[in-house]
């Protein structure tokens, strides 16, 4: 199995509902450094998993819909806790949708899976892994 | 599959028995930077894998039983080489025991697996992965 | 010259006033991974710059006054842009005040300088350096 | 499952054929920081996955065949794009061959798999994973 | 003293003339991860050292003149060894020229100094520091 | 001012005398990842600060005198606390002695200063800087 991983980041405000979150129930924020991993069983004729330039653009597009926002004000996240785990899934699912729609070229149609990891500090991260 | 990863560290003295270890047969030491990964197929109602604050406390508790010690003097490790691989398993098994005993809350009972990685320098690490 | 550096982090929401900030004029957030460096020309009788345990507690105290907050709502920052540069100075000045008040022990009174660096992502950071 | 990971690096010149590569079609170069992961279900009698000293030497040997070269001039890569993905496979396959030939000692014969990751910058990497 | 640091990278082929370089006398290549640090005694009215967005663009511009090339073929480097040390100076001097020409805005005219660090692997880097 | 930095590491056991050290008064250990920085105002005719291959060998030699040992048993450290700060000075002074003795070649005689940083974990490090 082959994979390529690309790094980008987003900077958001949000609050989290539930006693489990303690002080994170108040409005605060985070930088999420995002690692998006694209997995594929074989390489294409060019010797790559996917066009890394296009993959970086697609990731930038997905990240760009989220960054520099207060996620508490975004209608799409109403009634949902925007934890790192949940955002990893949101980003992975959007990457999957775009891959299937052809945004990553033909190589994107051959992907077997995706992993998205959000690093929220030097001591904590969250991941979501899915097939495709 | 979702996961969250938390980082902590321990600083121990030890020696390793066996010619394969060369100069590490003498008493020396190591900082092990520990990454503990908690894996789960679905998120709970709060949108998390596990309460990250409790997970960090539990990890700190497990690490606290080992750090600032000479492992050669610890009865529990008598007759065992305390390699990074072996210590990764010790830490993972202790985390698993505590998760099953409820120390991570209800979320901890739903975990599917654990990965513990010990980084011993900028060029070497060891991991142990288990189901739960 | 000797120094010791300790790492901690804070997670805040804020907005920045001024066209130069582009999309960061909206309410968003950041994780700032903080490196606090304590500088001193000579070591004390114990062979240290400063008690690293106390230094970590003092840094945690200073960081704890800022983390998990919306800095736009904090009276102390009214009329001030809470950029990474500005927050590095706030943190350095508070560490300096506490060092001079004895919170770091006698070693803290012998410090020659402080550097505080805030890493806001994998591609950007800001620092403030001062004498003491 | 246990694993150990060892880091080394290589510095090569190459060009890539295909419009997908854009400016990387010209002769340029890269540092690839290599993480080689050796996986095994159980530890040996010494408590290790594999002799890490020998593993580092074997990795150094494999890396040494590639580093400080213009891969466009190497007969073994004629007609092949030396992408990070493809080089990860080359390195993993050579490590597998040497493990099976006994270069890693008896432990090397018990390995279940290998993962080789090449980091080409702070924002991009490629991996190849195989059984053994 | 305040500073901000921005990271980018370049990927080049080159060879180095002189016995001291050993195998690096042959055509090979490197990824240089570049940290550009902009230093200034005081913050401007917006609370910043320099517009970080413009600084990133200017750095990208300077890096873009060098990346994806064989530096042995570039007329501007004829007769010069393109070591990491030398390239750090090239990049710093070009950043200084652009700052003085106004490319970083008014803040860029107030800079006191620049540091450029090129990381060529996980174990080696080179820096050049200059006033402005 | 130019500089080059080389990374290596050592793994030692030791104990520290003094109440300030709390649990670190017991025999424990550490990995110290060492960054040695060599500073020089101008480059030599080859375009370098110092022969990086020789510098790596010299650093390896100095580190090799310390690693895989219990520093409590080393006569040279009798009556001295082997803190990270103190070891940074030991390593810097030994590098300086070897540079002046010609071990780094002619370039080593032109060095203006050295900085040695010991990273003891992902959250703490110590440095010593000296002229030469």
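Which of these, F:55, F:75, F:88, has the largest mean-square fluctuation under a Gaussian network model of chain F (Cα springs below 10 Å)?
In this elastic network of chain F, the residue with the biggest mean-square fluctuation among F:55, F:75, F:88 is F:75.
How far is helix B:84-100 tilted off the main Cα axis of chain B, in degrees rounded to 10, range 0 to 90?
30
Label position 7 Å from Cα toward Cβ: report the copy-to-copy distances for residue E:106 in nm, one decimal, ordered from shortest.
Distances between equivalent label points, in nm: 5.1, 5.1, 5.6, 5.9, 7.6.
Report, as an integer, the average count of C-beta atoms from other chains found within 10 Å of each Cβ along A:86-97. Please list the in-between numbers first.
Numbers: counts 5, 1, 3, 3, 0, 0, 0, 0, 0, 0, 0, 0.
Across the residues of A:86-97, the mean count of other-chain Cβ atoms within 10 Å is 1.
Would you work out the relative contact order for segment E:7-74, in percent, from Cα pairs under 8 angstrom that are 6 or more residues apart?
45
For the pair residue B:130 and residue D:73, how long in nm is the line joining their label points, each one 7 Å along Cα→Cβ?
Spacing of the two 7 Å Cα→Cβ label points: 5.3 nm.
Rounded, prolate or oblate: which one fits the protein assembly as shown, using the alpha carbon gyration tensor with axes a ≥ b ≥ c (rounded when a/c is under 1.5, else prolate when a/b beats b/c, else oblate)?
rounded
What is chain F's relative contact order, in percent, from Cα pairs under 8 angstrom and six or more apart in sequence?
Contact order relative to length: 30 percent.
Return the average number of partner chain Cβ atoms within 10 angstrom of each residue Cβ along peptide F:7-14.
Partner-chain Cβ atoms within 10 Å, mean over residues of F:7-14: 6.
Can you work out D for chain B in µm² s⁻¹ from Stokes-Einstein, where Rh is the Kirkwood radius over C-alpha pairs, the temperature is 4 °C and the viscosity is 1.567 mPa s?
After rounding, the answer is 84 µm²/s.
Label-to-label distances across copies for residue E:1, with labels 7 Å out along Cα→Cβ, in nm, shortest first?
0.7, 0.7, 4.9, 4.9, 4.9
Put a dot 7 Å past each Cα toward the Cβ at residue E:97 and residue C:41; how far apart are the dots in nm?
4.2
Arranged by the count of other C-beta atoms within 10 angstrom, fewest first, what order do F:132, C:59 take?
F:132, C:59
Which of E:73, E:35, E:93 moves the most in a Gaussian network model of chain E with Cα springs under 10 Å?
E:73
Quick one: among E:119, E:14, E:28, which has the greatest mean-square fluctuation in a GNM of chain E with alpha-carbon springs under 10 angstrom?
Checking each option, the largest mean-square fluctuation is seen for E:28.
Read-outs: derived from the displayed coordinates by stated rules, not from any lab. Please read these numbers as outputs of a predicted model, since none were measured by experiment. When we count neighbours, we look across all protein chains shown, and the Cβ atoms used for this are built from the backbone with ideal geometry, even at glycine.
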